[in-house]
Amino acid sequence: MPTVAVLRIGHRPERDQRVTTHVGLAARALGARGMYLAADDPGVIKSIEDVVARWGGDFFVENNVMWRRCIGDWKAGGGRVVHLTMYGLRMTDVIDDIRNQDRVLVVVGAEKVPGDIYGLADYNVSVTTQPHSEIASLALFLDHLFEGSELNREYPDAKIRIEPSGAGKKTVES
Ligand code: SAM
């Protein structure tokens, strides 16, 4: 399975904090290794780092990256870039090919994305050809990429974990 990181572009601190935090939390919970944020928003970074500190694992978040440089560095290191967009190729047609790559950077937008992203990406991928959300498209993409294997991951060094239960809430703290 490829190593995956997410690049969040177009984040507007005055209105996207909650959605971008959820992009990071969904990325972490569904098997990505980290998120690059192409904006300066330490509050978002802190929220995600607080979750990592408590719930374990080694998910990274990097604030204020230059998105062009991030994509350039990723490609220079031999990684592939996937841009999630409703205009792209159907996920079901390209996911097997993407799964065979070593390193995958998944780019998700907020508002309208810069047009050159489409040319910089190795794959423009649609998760349905309907407009919806970066969180939903990222979640479905990661789940199909990892074929569900991400769903029961363990998170090393967790201070708290959940004991799955049919009723009520069971947690174990260490
Ligand atoms: N109107 C914007 C545009 O034209 O680029 C898209 C806004 S949408 C709320 C934010 C992000 O969600 C997009 O940049 C894309 O990454 C993701 N997204 C939304 N619908 C998608 C779809 N059907 N397939 C893949 N990604 C999607």
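The values are calculated or read from the model by the stated rules, or taken from the named source; none is laboratory data. Just so you know, these numbers come straight off a predicted model, no measurement behind them. FYI the Cβ positions are ideal-geometry reconstructions off the backbone, even for glycines, and counts take in every protein chain you see. Ligands, DNA and RNA are stripped out before the accessible areas are found, and what is left, the full protein with its side chains, is counted by its heavy atoms. Shrake-Rupley method; radii C 1.70, N 1.55, O 1.52, S 1.80 Å.
Just a few scattered comments:
- Filter result for residue 166 (without any contact (Cβ under 8 Å) to a residue 24 or more places away in the chain and surrounded by fewer than 11 Cβ atoms within 10 Å (Cβ to Cβ)): yes
- Being closer than 15 Å to residue 6 by Cβ, open to solvent by less than 80 Å² (accessible area, probe 1.4 Å) and of a type in the set (Val, Ile, Thr) is a property that does not hold for residue 160.
- Residues satisfying the stated conditions in the stretch 32-63, i.e. touching a residue at least 40 places away in the same chain (Cβ under 8 Å) and part of a loop (DSSP other than H, G, I, E, B): 32, 56, 57, 58
- Of all residue pairs spaced 6 or more apart or on separate chains, those with beta-carbon atoms under 9 Å, a first member in the stretch 126-148 that is near the ligand (Cβ under 8 Å from one of its atoms) and a second member that is among the charged types (D, E, K, R) and outside any loop (DSSP other than H, G, I, E, B) are 126/90; 127/90; 128/90; 129/90; 134/8.
- Filter pass, residue 137 being assigned to a helix (DSSP H, G or I) and at pLDDT 95 or above: yes
Quick grid of which residues meet (1) of a type in the set (Gly, Ala, Ser); (2) touching a helix residue (DSSP H, G or I) at 6+ places or on another chain (Cβ under 6 Å); (3) open to solvent by 70 Å² or more (accessible area, probe 1.4 Å); (4) modelled with pLDDT of 95 or more:
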residue	(1), (2), (3), (4)
52	no, no, no, yes
61	no, yes, no, yes
69	no, no, yes, yes
74	no, no, no, yes
80	no, no, yes, yes
84	no, yes, no, yes
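- Residues of the stretch 83-104 satisfying the condition of being assigned to a strand (DSSP E or B), under 19 Å from residue 71 (Cβ atoms) and either within 13 Å of the ligand (Cβ to nearest atom) or free of Cβ contacts under 8 Å to residues at least 12 places away in the same chain (or both): 83, 84, 85, 87, 88, 89
- Reported count of residues in the stretch 95-123, each being of a type in the set (Gly, Ala, Ser) and open to solvent by 40 Å² or more (accessible area, probe 1.4 Å), is 2.
- Selection count where residues are open to solvent by 30 Å² or more (accessible area, probe 1.4 Å), more than 11 Å from the chain's Cα centre (by Cα) and at negative phi, scope the stretch 124-142: 6
- Only residues that are within 14 Å of the ligand (Cβ to nearest atom), assigned to a helix (DSSP H, G or I) and surrounded by fewer than 19 Cβ atoms within 10 Å (Cβ to Cβ) were counted in the stretch 1-21, giving 2.
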